[in-house]
Amino acid sequence: MNMTALNDLRKNITSVFLGNEAAVDRVLVCLLARGHILIEDVPGVGKTVLARAIARSIDGSIARIQCTPDLLPSDVTGVTIYEREQASFRFQPGPIFKNIVIADEINRATPRTQSALLEAMAEETVTVDGHTHALPDPFIVIATQNPYEFEGTYFLPENQLDRFLIRISLGYPAPTDEARVIEHQPERRELRELSPVATPDDIVKLRVATDEVKLDQALINYIIAVASATRSHEEVQIGVSPRGSLALAQAAKGTALLAGRDYCIPEDVVSNVLAVFAHRIISRSTMHEGDTLTARRIMQQILETTPSPA
């Protein structure tokens, strides 16, 4: 296992993101597990700084999409252009055709534009005018969003949320970290000077290593038990799908690799349940996925009542 690349990535990101280091590990786990990550919190706590730091740490292609209500699906996927001189059509790729795509304030885009990301995030392909185009490898979407109660935001539909492997909240920084932010202003100086420490090939190799991490049958059974509990819980209208179970297994493997192990332990699974499962359940008390506190409370209750393997 090439732990040097992982350690370099973590060190590079934390040199400019002066906040919750656990959030940095979540992003790295998502990168290892072939998933996409949704960072949700109030404006000004460093969501975009974290997203840009991970993007600049990898020597791959980067695109940043500022989501607004007037953003069109073709602004994301690209368009087919007719060239009169050649009397033929040419596809002009959109910003989605990059290794790392930062979708800033994704819930400010309309549902129609949000849906343009569905195929890309699930299949790593984009279909425009009947033609399917492959996306680069590796491909990861790092999306940020403001809380739903903010003006001018749209709910992410359940099938869109399900495409995100992990959803995290950064929270407010500690006073010491906030003092460092004020002093260094990383988003204005250090972030622009950040140099890549890994290549796309490094990420591909690390993902292969993640796939090879051993997940014991007892842990697989535990993942299924937690997922099944969400489907039968009296407060849950829609439980976790098999895609969610697979996501938790991959997140556990990524966590193990990040810790320098080629096998999973129960803590690798348990520590990821809230981040992977909470945004995939719909409670009966709400008709949309906006009540994150209720979802996390339900998942915490399920965790406490589902025996974990020794």
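Bear in mind that the values in this text are calculations on the coordinates, not laboratory data. Only a predicted model underlies this, so the values are computations on that prediction, with no experimental measurement involved. Positions of Cβ are backbone-derived with ideal geometry, glycine not excepted, and every protein chain shown enters the neighbour counts.
Its relative contact order, with pairs defined as Cα atoms under 8 Å and 6+ residues apart, puts the range 228-307 at 32 percent. Amide H to amide H, with H built 1.01 Å from N, Thr80 comes under 5 Å of Gln92, counting only residues 5 or more places away or on other chains. Can you compute the label reach from Lys214? Point 7 Å from Cα along the Cβ direction, backbone N cut-off under 15 Å, restricted to the range 245-285. Within reach of a label on Lys214: 253, 256-257, 261-266. With the simple model of a label 7 Å out from the Cα in the direction of the Cβ, Gln66 to Arg231 spans 4.5 nm.
The antiparallel fraction among DSSP beta bridges confined to the chain stands at about 40%. Taking Lys and Arg as +1 and Asp and Glu as -1, the other residues whose beta-carbon sits under 15 Å from that of Pro266 total -1. Once Cα extents along the principal axes in Å is calculated for the structure shown, the corresponding label among (1) 72, 70, 36; (2) 79, 46, 37; (3) 68, 42, 40 turns out to be (3).
For Lys205, a cut-off of 26 angstrom between C-alpha atoms picks up these lysines, skipping any fewer than 8 places away in its own chain: Lys11, Lys98, Lys214, Lys253.
Restricting the trypsin sites (Lys or Arg not before Pro) of the range 61-131 to loop positions (DSSP other than H, G, I, E, B) with no more than 16 neighbouring Cβ atoms within 10 Å leaves Arg84.
In the chain, taking the dipole from charged Cβ atoms about the Cα centre, the farthest positive-side position among Gln92, Gly260, Ile37 is held by Gly260.
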